[in-house]
Structure formats: C-alpha cells, structure tokens
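Participant: The following block contains the structure, expressed as structure tokens.
The values are calculated or read from the model by the stated rules, or taken from the named source; none is laboratory data. Keep in mind that what you see is a predicted model, and the values were worked out from it rather than measured. Methodologically, a virtual Cβ is constructed for each residue, glycine included, from the backbone with ideal geometry; neighbour enumeration extends over all protein chains shown. Only protein heavy atoms, including side chains, enter the accessible area calculation; ligands, DNA and RNA are left aside. Shrake-Rupley method; radii C 1.70, N 1.55, O 1.52, S 1.80 Å.
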Amino acid sequence: MVLIKKIKSLIRRDEYIKNFLTLFSGTAFVQILPFFTAPITTRIYDPQDYGYTAMYAAVVGLFTLFISSHYVHFIMLSKRMKDIVNIFILTLFIAVIVTAILTILVFIIPKPFLTGILDDNYFFFLYFLPISVFLNGFGSVLGIWNNKMGKYKLMASIKIFDAVFSIVVVIGIGILIDGPYGLFIAIITGPLISSSINIASFLRNDSKYLKLVSSNWIRKLVIREIRYAIYIFPGDLINKYINLLPLFIIEFLGGKVSLGNYQFSQRILGLPINFVGTAVLEVFRKKAIDDYNSYGNCISIFKKTFSMLSLLSLLPTLTLMFFAPEIFEFVFGDKWYGAGRITQALSILYFFKMVASPLSYMYYVVRRTKEDLITQICLVVFNLSALAVGYFYFKDVFTMVLLYALSYSGIYIIQLIRSYQFAKGTVK
C-alpha cells in the first residue's frame with residue numbers, strides 16, 4: 001500500500017508521466033485489442049490479402065507526406081497562438097490542394113500504369129485513394145493541434161474508438177465476404193470516424209481561435225519558415241521511399257504471399273511502437289520544446305525517455321529474435337510461419353526504431369532539418385546497398401530483409417547520438 005501511494009504521488013507531481021499515462025492508456029487498449037483479435041483475423045484473411053492492402057496503405061502514406069510533412073511541424077514549434085492558428089489553417093489548405101491534384105491524377109492516368117499497385121480484382125479501391133490521403137493528412141494535422149493544446153484525454157479516446165470500429169469492420173466484413181475487402185474498408189473508413197470526432201471537438205472548443213487567421217500573416221509564416229520546411233519534406237519523402245522500396249522487391253521475389261508476410265510482420269512489430277512510442281512522442285515533443293525554450297536544453301527529459309523506452313523494448317525484442325516463427329505459428333496459424341521468420345530479421349530494427357523515433361524529434365526542436373535531410377540521404381545509400389546485395393547476390397527474402405534491418409539500425413544509432421547532443425544544448 002505504501003508503494004502504491006508513492007507511485008500515485010509521483011504521477012500526480014510529474015506532469016510528463018501523467019500525460020504519458022493518459023495517452024498510454026488509450027494506446028494500450030488500441031494495441032491490445034488488435035493483438036488479441038489477430039488469431040481471429042489471421043484465420044479469416046490470408047497472407048496475400050495483407051499483401052494487397054500493404055500496397056494501398058503504402059501509397060496512401062506516401063502521398064499523405066505532402067500534407068503532414070514540412071509546415072505542420074511548426075504547429076508544435078511555434079510559441080504564439082497567432083502563429084499556431086495560421087500554420088494550422090495553412091496545412092489544411094495544403095491538404096485540400098493535394099487531394100484535388102491526386103483526384104485528377106487518379107482519373108486521368110491510364111489504368112495499366114496503376115495496376116502495379118492493385119490488380120484488376122481490387123483496382124476500384126484506387127478511386128478511394130484521394131479521400132484516404134486527405135483523411136490521413138487532415139487527421140495528422142488535427143492530432144498535432146490537439147497535442148499542442150494538451151488534449152491528451154481526447155487523443156486517447158479517439159484512438160480507442162477508432163480501434164474498436166476498425167476491428168468490427170475487419171472481422172464483420174471478413175466473415176461475410178471472402179478477400180481483403182474488410183481490410184480495405186477499415187483503412188478507408190477508420191480515419192473518417194476519427195477526423196469527424198476531431199472536427200466536432202475543434203468546432204466546439206477551439207473555433208474561437210479562427211478570428212486570428214490572416215492571409216497576410218500566413219504568407220509571412222510561409223516565407224519565414226521555408227528555410228527549415230524545404231529540408232523537412234525531402235527528408236520525410238526519402239524516409240518513406242526507403243520504407244516502401246522493400247515492398248516492391250519482396251513482391252517481385254516472392255509474390256503477394258511474401259509481401260503479406262512482410263506487412264503482417266511489420267504490423268505485429270509496430271504494436272509496441274504504437275503501444276508506447278507514439279504516446280511517448282506526443283508527450284516528449286511538447287515537453288522537450290518547452291524545456292529547450294526555457295532552459296536551453298532538455299537533457300533531463302531525454303535521458304528519462306531513453307531509459308524508459310530501452311527497458312520496455314528489450315524483452316519483446318529478444319523474445320521475437322529467438323522465438324518469433326514458433327510464436328507466429330502457434331498464435332496465428334501454420335500459414336503465418338513465414339511472417340515469424342521475417343519478424344526475426346526485423347526485430348533488431350524495431351528495437352532501435354522504438355527507442356530512436358520519438359527522441360529523434362530533437363532534429364526539429366533545434367531546427368537541424370538540413371542535417372536530418374543529409375542523414376536521410378545516407379539512409380537511402382545504406383539501405384539501397386543492403387537491398388541490392390540481398391536481391392542480386394542472395395536472392396532470398398529473409399536475407400535481404402535482415403541486411404535491410406541492420407543497415408537501417410545503423411542510421412537510428414547515429415540519430416540517437418546526435419539527438420543526445422542536441423538535447424544537451426551544446427550543438428548550435
């Protein structure tokens with residue numbers, strides 16, 4: 001009882017831990033629910049079903065960058081409410097433009113050029129691509145707004161609602177209709193629900209800030225921040241590209257089944273990252289920015305976050321590194337043994353991703369976006385080399401993925417070292 005009282009007292013005193021636990025509680029449910037329902041969904045859907053949706057989700061993520069990259073980061077970094085609101089409106093305007101252009105492209109590009117993404121059986125889902133991109137980009141902007149405003153309970157509630165809705169759609173439609181239709185519909189409709197809740201909250205609580213919107217001020221912000229923004233987008237685009245490249249190579253080597261195994265492996269490995277890392281990032285970046293602006297460093301919160309993430313990541317990583325194929329076969333069924341093998345190869349990468357991804361936000365805190373771009377270019381060189389060796393020399397999916405994971409991990413280590421230096425406030 002004494003220990004419990006001390007823990008409760010610590011949580012009440014430490015705002016960082018309190019905010020993290022608020023987001024973590026929602027994120028925990030969001031990740032636990034799909035994990036416990038995965039033995040059901042993996043017996044409804046086959047690996048190739050996940051292969052089809054992997055390509056669709058990858059393309060959505062790529063185009064979403066045109067909305068959620070560059071200026072959106074300055075919602076968090078800005079101090080004045082006038083700047084925050086006008087950047088918020090600017091990013092929403094960018095979302096509308098990107099969606100309009102993508103809609104035109106989807107309808108005018110000849111079908112043969114698009115069948116590399118989805119074949120004839122599911123090609124019609126590509127017509128939903130613009131709305132998926134808009135909803136994901138729009139949702140990202142609204143999520144960062146909520147983070148800046150400290151609405152952690154709302155963020156946690158939206159995650160929970162979205163998770164429940166998506167699981168109901170995936171299982172319900174999967175039972176009724178053969179094929180990946182339930183997976184596709186969940187990808188498309190999930191962001192629609194969460195965006196609707198976000199919009200309702202904004203209109204009810206934050207619409208008063210819209211009086212600060214000024215077209216002249218937006219132009220000034222575009223000019224003022226462009227020297228940082230022009231490095232953010234290429235860096236994010238390179239990072240997304242290098243994550244997409246294995247999809248195409250794996251499909252070429254092993255077809256939709258291998259691609260589905262790879263996608264499902266990423267999904268399972270992504271659970272702890274979404275489980276903890278996302279919640280940590282949301283809270284860490286706000287606290288890091290506040291501390292850095294106030295004291296010229298944020299080394300205390302950096303060390304605390306690094307220790308917490310390392311401890312939470314170590315045991316799951318070691319377990320999957322040695323026993324993933326057997327675990328996947330037992331939990332998800334015989335047809336997912338291949339996904340377990342790929343999970344072994346990726347486990348070390350996801351350890352460093354879990355730890356480094358939230359902490360590497362220091363590049364934005366100290367506005368070292370040019371250096372971040374250079375790091376992303378190095379990532380491309382290393383990973384292309386690893387993929388080329390795996391493809392041309394070994395001609396084996398597992399070996400190629402392992403080499404890819406090791407080269408990617410090296411970049412994460414470099415980012416961690418630099419982020420630590422940034423957090424100390426010694427690098428200008």
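Participant: Given Lys240/Lys424; Lys287/Lys353; Lys159/Lys211; Lys79/Lys303, which pairs have Cα atoms separated by over 23 Å?
Facilitator: Numbers: Lys240/Lys424 29 Å; Lys287/Lys353 20 Å; Lys159/Lys211 30 Å; Lys79/Lys303 25 Å.
From the list (Lys240/Lys424; Lys287/Lys353; Lys159/Lys211; Lys79/Lys303), the Cα-Cα distance tops 23 Å for Lys240/Lys424; Lys159/Lys211; Lys79/Lys303.
Participant: Can you give the relative contact order of region 250-379 as a percent, counting alpha carbon pairs under 8 Å and 6+ residues apart?
Facilitator: Working: 111 pairs, mean separation 42.1, N = 130.
With pairs under 8 Å counted, the relative contact order is 32 percent.
Participant: Also, quick follow-up: Using 7 Å Cα-to-Cβ label points, what is the Lys304/Ile413 separation (nm, one decimal)?
Facilitator: My value for the distance between the label points is 2.9 nm.
Participant: Normalise the Cα radius of gyration of region 320-408 by 2.2 N^0.38 Å (N = residues in it) and let me know the number. Walk me through the intermediate numbers first.
Facilitator: Details: Rg = 16.1 Å, N = 89, 2.2 N^0.38 = 12.1 Å.
After normalising by residue count via 2.2 N^0.38 Å, the value is 1.33.
Participant: Pull up the cross-link candidates among the aspartates and glutamates for Lys220, meaning alpha carbon to alpha carbon under 19 Å and not fewer than 8 places away within one chain.
Facilitator: Cross-link targets: Asp83.
Participant: Per-residue counts of other Cβ atoms within 10 Å, averaged by peptide: what ranking do you get for 291-302, 130-141, highest first? Numbers along the way, then the final one.
Facilitator: Details: 291-302: 16.3, 130-141: 23.7.
Order by mean packing, descending: 130-141, 291-302.
Participant: Before anything else, pin down the relative contact order of the chain: Cα pairs under 8 Å, at least 6 apart, normalised by residue count, whole percent.
Facilitator: On the way: 534 pairs, mean separation 93.6, N = 428.
Relative CO of the chain lands at 22 percent.
Participant: Can you grab the distance from the C-alpha centre of region 348-403 to the C-alpha centre of region 170-248, Å, no decimals?
Facilitator: Centre-to-centre (Cα) distance: 23 Å.
Participant: In straight Cα distance, which aspartates and glutamates are under 18 Å from Lys395, not counting same-chain residues fewer than 8 positions off?
Facilitator: Glu251
Participant: Here's another thing I want to ask about it. Which order do the peptides 306-319, 42-55, 91-104 come out in when sorted by mean C-beta neighbours inside 10 angstrom, highest first?
Facilitator: Values: 306-319: 14.9, 42-55: 21.0, 91-104: 16.4.
Top to bottom by mean Cβ count within 10 Å: 42-55, 91-104, 306-319.
Participant: How many nm separate the modelled label positions at Tyr295 and Lys82, each set 7 Å beyond the Cα in the direction of the Cβ?
Facilitator: Output for this residue pair reads 3.1 nm.
Participant: Sticking with this structure for a sec: Gain in length, Glu329 to Ile101, computed as 0.36 nm per residue apart minus the alpha-carbon separation, to one decimal in nm? Don't skip to the end; give the middle numbers.
Facilitator: Values: separation 228, 0.36 × 228 = 82.08 nm, distance 4.40 nm.
Contour length minus the Cα-Cα distance gives 77.7 nm.
Participant: Counting only heavy atoms of the protein chains, get the accessible area per residue of region 138-197 (1.4 Å probe) and round it to a whole Å² value.
Facilitator: 39 Å²
Participant: To continue, here is another question. What is the percent of Cα-Cα separations in region 193-330 that go past 17 Å? Kindly include the intermediate steps, with their values, before the conclusion.
Facilitator: Numbers: 7521 of 9453 pairs.
Summing the P(r) of region 193-330 above 17 Å gives 80 percent of all pairs.
Participant: So what does log10 I(q)/I(0) come out to for the chain at q = 0.12 Å⁻¹, using the Debye formula with one equal point on every Cα and no solvent?
Facilitator: -1.09
Participant: Can I ask one more? About the Cα centre of the chain, how large is the charge dipole given +1 on each Lys and Arg Cβ and -1 on each Asp and Glu Cβ? Please answer in debye to the nearest 20.
Facilitator: Details: 40 positive and 22 negative charges, 472 e Å.
For this selection, approximately 2260 debye.
Participant: While we're here: Using the Cα atoms of region 274-428, I'd like the radius of gyration and the largest Cα-Cα distance, Dmax, both in angstrom.
Facilitator: When restricted to Cα atoms, region 274-428 yields Rg and Dmax of 17.7, 55 Å.
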